[in-house]
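Undergrad: Okay, here's the structure, questions in a sec.
The values are calculated or read from the model by the stated rules, or taken from the named source; none is laboratory data. Predicted model, so just to flag it, every value in this text is computed and none were measured. Don't worry about glycine lacking a Cβ; one is built from the backbone with ideal geometry, like all the others, and counts go over all protein chains shown.
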Amino acid sequence: MTAIFEDFETKLQQAAAGRQLPDIVINDVAQLGTLVRQGFVREVDRAAVAGGDQLTDLSWDAAKGTDGRHHAVPFSAQSFALFIRKDWREKLGLPLPKSWSELDAMAEAFTRRDPDGNGKADTHGYVIPGTTKRGYLAWYFTSFLWSGGGDFFTGADNRYSPPSPTRRRCRPSTGSRRSSARRAPSSPAR
């Protein structure tokens with residue numbers, strides 16, 4: 001088994017060109033349409049998958065191509081969660097945040113007030129996968145957006161909606177005019 005994390009789609013295209021495709025590809029739904037269009041994947045019979053009846057219809061929907069057929073087997077679901085370092089919060093004497101502005105204030109304190117006590121400016125208020133590569137930033141932001149009542153697409157025709165006051169209110173103020181809380185430099189965890 002070979003695990004490829006960097007430039008996966010490019011390497012998959014190279015393997016296809018060399019007629020060396022693997023039997024199984026574990027990828028996310030964002031690439032399913034491309035794989036189907038290129039003929040790299042076959043239809044999957046949902047009823048023939050052992051345990052397939054224990055998966056939700058919603059998860060199976062993510063494995064459908066635009067042709068309405070299943071071309072993958074869902075095996076995981078991912079989401080983002082907001083974690084607050086309790087030890088840092090308590091050390092700085094901060095209450096649990098109850099609003100976006102209180103959360104931003106806590107992030108600011110984590111950035112500026114040395115919650116780890118090492119005397120260095122090396123802590124970050126928010127740790128965000130702040131890259132547009134493969135849509136990670138939008139994927140991450142969606143949790144904040146939906147929990148605050150916003151959306152990317154609106155209306156009967158489901159068209160992209162420009163940034164609204166709701167959307168702006170939902171985002172963490174990472175390095176914006178409203179806050180100087182730093183983002184961690186290209187690090188998955190800090």
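Undergrad: With (1) surrounded by 13 or more Cβ atoms within 10 Å (Cβ to Cβ); (2) out of contact with any Gly (no Cβ under 7 Å at 6 or more places or on another chain); (3) in the same structural domain as SER161 (by TED's automatic domain parsing) as the list, and LYS98 as the residue in question, which single condition is left unmet?
TA: Only one criterion is unmet by LYS98, namely (1).
Undergrad: Looking for whichever is polar (S, T, N, Q), under 27 Å from PRO129 (Cα atoms) and not in a helix (DSSP H, G or I) here; the options are SER76, SER59. Which one fits? First the steps, then the outcome.
TA: Working: SER59 fails: not in a helix (DSSP H, G or I).
Sole residue among the options that is polar (S, T, N, Q), under 27 Å from PRO129 (Cα atoms) and not in a helix (DSSP H, G or I): SER76.
For (1) part of a loop (DSSP other than H, G, I, E, B); (2) in contact with a Ser or Thr (Cβ under 8 Å, 6 or more places away or on another chain), each residue gets a yes or a no:
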site: ARG19; (1), (2): yes, no
site: LEU35; (1), (2): no, no
site: ALA50; (1), (2): yes, no
site: THR66; (1), (2): yes, no
site: PHE80; (1), (2): yes, yes
site: GLU102; (1), (2): no, no
